[in-house]
Amino acid sequence: SGLHSDIRVAQNRLNPLQWGALTSARNQGRKPRLGWAGGNSHTGDLAILRPLIEALADEVEWVFMGMKPAQFSGEFHSGVPFDWYPQKLASLSLDLALVPLEINLFNECKSNLRLLELGACGIPVICSDIEPYRGSLPVTRVKNHFRHWMKAIREHLSSPQALAIRGETLQQAVRRDWLLTPQSLAEWQQARS
């Protein structure tokens, strides 16, 4: 605000043709499937998960897409072209997604896009309690400490039925409020004028 007096923010929206009808299968593993998806610039964010990966190794199936933690030998999926990404993300059949972000200025300026993408697939989310993830989306926000993450994961995994409801609730919120519609397109156009 100190650099310009006219600042406009247009919310993220997902293309309904790509994201509006996705579903992700649940309970497809021998154990709950916990996962993470992201680009190759998330080394610090993945470091938050390292102690959790080790602590839960015998209790869950870990799934990573796009980037994996060092020395991780579990299920890994390489990145895919942008147009294939929605279907690939849904095909991971995650029971729960973890979305950690290091607390720093760069991450404070990010958006909620990852939550929207996972939500569009119906995957419940535990994420870092950081500005871009705060708001109306029904996700679980935690402090970036092992005990907070572990407590939230255990609570979520304690009831597969409640976990499925969390995913459905998030998916409904994304489909209702975060898809690109004629009304949201008009908001974007108004922000330009």
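The values are calculated or read from the model by the stated rules, or taken from the named source; none is laboratory data. These numbers were taken from a predicted model, which means no experiment stands behind them. Every residue, glycine as well, gets a Cβ built from its backbone with ideal geometry; the counts of neighbours run over all protein chains shown. Surface areas here come from the heavy atoms of the whole protein model, side chains and all, with no ligands, DNA or RNA. Shrake-Rupley method; radii C 1.70, N 1.55, O 1.52, S 1.80 Å.
For residue 25 and residue 186, what does the FRET efficiency come to when R0 = 25 Å and r is the distance between their Cβ atoms, rounded to the nearest 0.05? Kindly include the intermediate steps, with their values, before the conclusion.
Details: r = 36 Å, r/R0 = 1.43.
The pair residue 25/residue 186 has a calculated efficiency of 0.10.
Taking 0.36 nm per residue of separation and subtracting the Cα-Cα distance, what length does fully extending residue 80 through residue 164 add?
27.6 nm
Per 0.36 nm of contour for each residue apart, how much would the distance between residue 103 and residue 146 grow if the chain were fully extended, relative to their Cα-Cα spacing?
Residue separation times 0.36 nm, minus the Cα-Cα distance, leaves 14.0 nm.
For region 6-132, with all protein chains present and a 1.4 Å probe, just round the carbon and sulfur fraction of the accessible area to a whole percent.
52 percent
Taking amide H positions as placed 1.01 Å from N in the peptide plane, with prolines and chain starts having none, which residues 5 or more places from residue 144, or on another chain, fall under 5 Å of its amide H?
For residue 144, whose amide H was placed from the backbone, the distant partners under 5 Å are 129.
Can you list residues from other chains, or at least 5 along the same chain, whose modelled amide H is less than 5 Å from the amide H of residue 77?
Long-range HN contacts for residue 77: 64, 65, 66.
Using square roots of five times the C-alpha gyration tensor eigenvalues, list the equivalent-ellipsoid semi-axes of region 45-193 in whole Å, biggest first. Let's see the in-between values first.
Working: eigenvalues 143, 59, 57 Å².
They are 27, 17, 17 Å, listed from largest to smallest.
Ignoring everything but the protein chains, give the 1.4 Å probe accessible area of residue 150 in square angstrom, nearest 10.
20 Å²
Rounded to the nearest 500, what is the 222 nm mean residue ellipticity of the chain from helices alone, with -39500 (n - 2.57) per DSSP H run of 4+ residues and division by all residues?
Counting only the DSSP helices, I get -11500 deg cm²/dmol.
What ratio of Cα Rg to 2.2 N^0.38 Å holds for region 130-193?
Numbers: Rg = 16.2 Å, N = 64, 2.2 N^0.38 = 10.7 Å.
Its radius of gyration relative to the 2.2 N^0.38 Å reference: 1.52.
With every protein chain left in place, what is the accessible area per residue of region 39-193 in square angstrom, probe 1.4 Å?
Averaged over the residues of region 39-193, the accessible area is 52 Å².
R0 = 35 Å: FRET efficiency of residue 70 with residue 172, Cβ-based, nearest 0.05?
On the way: r = 37 Å, r/R0 = 1.06.
Calculated transfer efficiency: 0.40.
Can you tell me, using C-alpha contacts under 8 Å and at least 6 residues apart, the relative contact order of the chain as a whole percent?
25 percent
If amide hydrogens are placed 1.01 Å from N in the peptide plane, which non-local residues have theirs closer than 5 Å to the one on residue 99?
126, 127, 128
I need the calculated FRET efficiency for the pair residue 10 and residue 58, taking r as the beta carbon distance and R₀ as 45 Å, to the nearest 0.05.
Computed FRET efficiency for residue 10 and residue 58 comes out at 0.50.
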